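This report refers to the structure that appears directly beneath it.
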Amino acid sequence: MVTKTRPIPIGVRRRGWRAPAWLGAHLRSRQQMVPLPAPATRIPALLWFGAVLFFFGIYTNIGVKFAEVSTIPMVSALPGLALLLCYPGLVSPRMVRFVVVPMLFVLAFSVLAPQFGRLLFKRVAGVGQTGFSALIGYVVAWTLARFGRVRLHKFLAIAIPVFLILIVVELALPPMRALMIAYHDLYGLDLDLDVLADRENTMGGYRPKLFTSETSYVATSAMLLLIGYVWTGAGVRRYVFAAGYMVVAVALIRSPIVALALPPIFAAVYTDPSLGRNRGLYAFWVTIITVMVVSAVALLGFEVIANRLSSALSGQDYSTTYRTYGALVVAFNVLKAHPLFGAGAGTLLPVKDIVISTYLDLGVPLDAAETSWLYSINNAFASVLIYFGLVGTTVLLVFLWRLFKSDVNRPVLPVLLAFLCYNMTYGGIYTPTYFATVAAIFTVAKLRVITPPRPTASRRPPFRISA
C-alpha cells in the first residue's frame, strides 16, 4: 500500500532555507515597495500643518551636533514628523518593514567592513541614521500620496514663482540674510555667509541660501519642484512654464544642478500619454523651446560657466569635483584596497588617506582636501561603491531593479533619468536628505497621468434615420 505524503512548502522545508525562499518570493512579487495610499477627499488641519512643518524642516536640513564630529541629522524636521505620526493610518507594519530592512542591510555590511570594533560607535550611528532616514522617506511618500496629484500640481503652480521671488528678495535685501542666520541660530548652527561665499567668486559672487546652509540644497529643491510640476500636471502648457521657470532659476541660483531637471522633463514630453495624438507636434515645439532655453542660459551665464568649467577641470572648484569625476576616482581607489565590502557605512576614516591623496592628485587645494575630506563624496554612485564594495553594490542594484519593476509605471525613462540625475548631486545615501528626495521622486512618478485622455463626447446629437 502506497501512501501519498503532502509536499512540504519550500519556505519551511529547512530552517536554513527560509530566508532565501522569502527573498526569492519578494523579488518575484510585484507588490509596491513605496507606500501609495489613496488621496484624501478632505485634508484635515493636522495634516496640513504637520506637512508644512515637516517639508520645511526637510528643506532646511539642519542637524544638531552632540559631539565634535557627530551630528543628529535633520532635527529641523522633527516637529512636523511628530505631528504627522499622530495622524491615523500612517503608522503600520508596512512602515516598520520599510524602516527595518535598510537598517539590517547597513548593519550587515558594517560588520563586514574593516575596523568594525574600533569604529563601533560610528557604525552603530550609521545604522541608526539609516533607520531615521527610512522613516523620513516613508512619511514623505505617504504624505505626498495623501495629498494627491491634483493638489500637488496646484500647490507647485503657486510655490515655484513664490520660491523664485524669495530668492530675488534674499539677493537684493541684506535683512533677509539676517533673518536666515537668526533661523539657523535657533538650532545652534553657526552659518557664516562670508565664509560660504569665499569659493563663489567664479560663480558670480554670493548665491542664495534661502534658509539652508548650502546653495546646492536650494538648487536641488528647484530641480525637484520643476520635475514635480511637470509630472503632476497634464497638457502642454506646463512644459512651457517649466522652461521659463528654469531659465529664471538658473540665472538666480547659478548652479548646474537646476539644469539637471532638463533630461527628465525633456523625456517626459516624448512619452507623455496625456498629450494625446498631438504628442509628436508638441514634442517638436518643446524641443525648440528647450534649445532656446539652453541657449539663453549659456548666453546669460557664459562667463560664469566658462570660469567654473575651468576651475572644475583644474580641481580648484572642488564642489564640482566632489560631485563628478573626483568622487568616482576616489571610489575606484578605495575598491582597490577594499573590493568586496568597501569601507563600511558611518564613516570614511578607514580610507581617509586614500580620499585626501586622490583629491590632491586631482588638483584640489591642500586646505580644502584636508578639512572637507569627510564630506567630499557628493556622488551617490561613488558612495555606494565606497561604503558597500562590489558585493553591496550588487545587492543594491537588485533592489533597484525590484523597485523599478514594482513601483514605476510606464513610461519609465523620465523616472530613471530623474533618479540618475539626482544621484549625481548628492552622496549621503543613508541620510534623511537622500531618502526623502528619492521617496519624493518615486511617489510623484506614480502620481503621473499615465493614460491618454478620453475623447470628449460631441455635443451634436448622433445622426439618426427616422422611419
Query raised in the report: Restricting attention to region 257-285, and to residues there that are surrounded by fewer than 21 Cβ atoms within 10 Å (Cβ to Cβ) and within 24 Å of the chain's Cα centre (by Cα), which single residue is nearest to residue 159 (Cα to Cα)?
Result: 259
Query raised in the report: If residue 6 passes every condition in (1) charged (D, E, K, R); (2) closer than 30 Å to residue 148 by Cβ; (3) at pLDDT below 60 but one, which one does it miss?
Result: (2)
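Within region 73-90, identify whether any single residue is modelled with pLDDT under 75, in a helix (DSSP H, G or I) and over 29 Å from residue 123 (Cα atoms), and answer yes or no.
no
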Report summary line: Per the filter on region 373-394, residues surrounded by fewer than 17 Cβ atoms within 10 Å (Cβ to Cβ) and either in contact with a strand residue (DSSP E or B) (Cβ under 7 Å, 6 or more places away or on another chain) or modelled with pLDDT under 85 (or both) are 374, 375
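Could you tell me which of the residues 106, 99 is over 16 Å from residue 395 (Cα atoms) and either among the β-branched types (Val, Ile, Thr) or surrounded by fewer than 23 Cβ atoms within 10 Å (Cβ to Cβ) (or both)?
99
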Report task. Under 7 Å between Cβ atoms, at least 6 apart or on separate chains: pull out the pairs that start in region 331-355 with a residue that is among the hydroxyl-bearing types (Ser, Thr, Tyr) and end on any residue that is in a helix (DSSP H, G or I). Result -> 347/122
**Report entry** Candidate set from region 427-465 (those that are assigned to a loop (DSSP other than H, G, I, E, B), among the β-branched types (Val, Ile, Thr) and out of contact with any Ser or Thr (no Cβ under 7 Å at 6 or more places or on another chain)); member that is modelled with the highest pLDDT
**Finding:** 450
**Report entry** Lone qualifier among 149, 118, 123, 94 - being in contact with a Phe, Trp or Tyr (Cβ under 9 Å, 6 or more places away or on another chain) and surrounded by fewer than 17 Cβ atoms within 10 Å (Cβ to Cβ)
**Finding:** 94
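Per-residue answers, yes or no, for (1) hydrophobic (A, V, I, L, M, F, W, C); (2) touching a Lys or Arg at 6+ places or on another chain (Cβ under 6 Å); (3) within 20 Å of residue 419 (Cα to Cα):
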| position | (1), (2), (3) |
| --- | --- |
| 360 | yes, no, no |
| 364 | yes, no, no |
| 371 | no, no, no |
| 387 | no, no, yes |
| 395 | yes, no, yes |
| 399 | yes, no, yes |
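Can you spot a residue in region 136-152 that is more than 30 Å from residue 243 (Cα to Cα), of a type in the set (S, T, N, Q) and assigned to a helix (DSSP H, G or I)?
No.
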Query - Unique residue being part of a helix (DSSP H, G or I), without any contact (Cβ under 8 Å) to a residue 40 or more places away in the chain and aliphatic (A, V, I, L, M) when the list is 397, 385, 403, 374 - result: 397
Query raised in the report: If a residue has to be over 24 Å from the mean Cα position of the chain (by Cα) and in contact (Cβ under 8 Å) with a residue 24 or more places away in the chain to count, how many in region 73-120 make the cut?
Result: 9
Query raised in the report: Of the residues that sit in region 345-358 and are outside any helix (DSSP H, G or I) and small (Gly, Ala, Ser), which one is surrounded by the fewest Cβ atoms within 10 Å (Cβ to Cβ)?
Result: 346
Report summary line: The lone condition residue 330 fails out of (1) modelled with pLDDT under 80; (2) over 21 Å from the mean Cα position of the chain (by Cα); (3) assigned to a helix (DSSP H, G or I) is (1)
**Report entry** In region 359-371, the residues that are of a type in the set (A, V, I, L, M) and in a helix (DSSP H, G or I)
**Finding:** 360, 366, 368, 369
Query raised in the report: For region 119-145, how many residues meet the condition of being out of contact with any helix residue (DSSP H, G or I) (no Cβ under 9 Å at 6 or more places or on another chain) and either among the basic types (Lys, Arg) or modelled with pLDDT of 90 or more (or both)?
Result: 0
Query raised in the report: Checking residue 157 against (1) farther than 20 Å from residue 347 by Cβ; (2) surrounded by 15 or more Cβ atoms within 10 Å (Cβ to Cβ), which single condition isn't satisfied?
Result: (2)
Requested in this report: Among residues belonging to region 236-256 that are of a type in the set (D, E, K, R) and part of a helix (DSSP H, G or I), point out the one that is surrounded by the most Cβ atoms within 10 Å (Cβ to Cβ).
Outcome: 238
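The values are calculated or read from the model by the stated rules, or taken from the named source; none is laboratory data. Predicted model only: the values in this text are computed from it and were never measured. FYI the Cβ positions are ideal-geometry reconstructions off the backbone, even for glycines, and counts take in every protein chain you see.
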